[in-house]
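Accompanying notes for the structure given below.
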Amino acid sequence: MKQLIIINGPNLNLLGKREPEIYGSQTFEDYLKALQSKYSDVALDYFQSNIEGELIDKLQDVGFSYDGIILNAAAYTHTSVGIGDAVKAIETPVVEVHISNTFSREEFRHQSYISPNAKGIILGFGLKSYDLAIESFIF
């Protein structure tokens with residue numbers, strides 16, 4: 001059984017409340033239950049933090065033992081050299097995910113410190129972006 005982890009960054013704990021016109025009205029916890037049910041043949045773990053260092057610690061913790069990491073670093077995508085370096089330093093492949101199409105938003109969101117070291121990037125498909133990332137590891 002493949003072991004994958006979704007790591008979400010700042011403000012994603014507010015999904016369902018935060019800007020529903022961009023992010024939808026479903027909480028991530030509810031969506032995670034649906035993902036775990038849909039992909040029952042995958043051990044799917046989850047971690048969320050608003051703190052940059054905790055995200056780096058989690059990447060380092062799982063980055064040598066899991067089969068895949070699905071990372072939505074949220075705003076840290078565009079600002080954190082440290083998270084980008086952590087992705088580069090680990091062995092576990094990382095798929096960068098964004099709920100919105102970051103290229104249709106503010107210009108500062110067009111830069112990613114994660115992308116150069118990611119296995120792939122999925123953005124703009126709403127929460128379905130996570131399904132696509134999971135499928136990239138199992139098919």
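Taking the range 89-103 as the search range and keeping residues that are in a loop (DSSP other than H, G, I, E, B) and not small (Gly, Ala, Ser), which one is farthest from residue 135 (Cα to Cα)? Can you show your working first?
Looking only at the range 89-103, we keep the residues that are in a loop (DSSP other than H, G, I, E, B), and these are 90-93, 99-101.
Subsequent filtering for residues that are not small (Gly, Ala, Ser) retains 90-93, 99, 101.
Working: 90: 21, 91: 19, 92: 16, 93: 14, 99: 16, 101: 19 Å.
It comes out as 90.
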Selection from the range 16-49 of residues over 13 Å from the mean Cα position of the chain (by Cα) and in contact (Cβ under 8 Å) with a residue 24 or more places away in the chain yields 22, 23, 24, 26, 31, 35, 38, 39, 41, 42, 43
In the list 65, 37, which residue meets the criterion of being open to solvent by 50 Å² or more (accessible area, probe 1.4 Å) and in a loop (DSSP other than H, G, I, E, B)? 65
Go through the range 1-26 and give me each residue that's assigned to a loop (DSSP other than H, G, I, E, B), surrounded by 13 or more Cβ atoms within 10 Å (Cβ to Cβ) and modelled with pLDDT of 90 or more. 9, 10, 11
Residues in the range 41-51 that are closer than 12 Å to residue 9 by Cα and either surrounded by 20 or more Cβ atoms within 10 Å (Cβ to Cβ) or out of contact with any helix residue (DSSP H, G or I) (no Cβ under 6 Å at 6 or more places or on another chain) (or both): how many? 3
When residues of the range 114-135 are filtered for being open to solvent by less than 90 Å² (accessible area, probe 1.4 Å) and either in contact (Cβ under 8 Å) with a residue 60 or more places away in the chain or under 19 Å from residue 83 (Cα atoms) (or both), how many remain? 14
Among all residue pairs at least 6 apart or on different chains, which show Cβ distances below 9 Å where the first residue, located in the range 93-109, is on the phi < 0 side of the Ramachandran plot and buried (at least 19 other Cβ atoms within 10 Å of the Cβ) and the second is part of a loop (DSSP other than H, G, I, E, B) and modelled with pLDDT under 75? 99/24
Taking into account only those residues within the range 68-82 that are part of a helix (DSSP H, G or I) and without any contact (Cβ under 8 Å) to a residue 60 or more places away in the chain, which is surrounded by the most Cβ atoms within 10 Å (Cβ to Cβ)? 78
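The values are calculated or read from the model by the stated rules, or taken from the named source; none is laboratory data. Keep in mind the model is a prediction, meaning the values are calculated, not measured. Every residue, glycine among them, receives a Cβ derived from its backbone with ideal geometry; neighbour counts consider all protein chains shown. Keep in mind that these areas ignore ligands, DNA and RNA; they rest on the heavy atoms of the full protein, side chains included. Shrake-Rupley method; radii C 1.70, N 1.55, O 1.52, S 1.80 Å.
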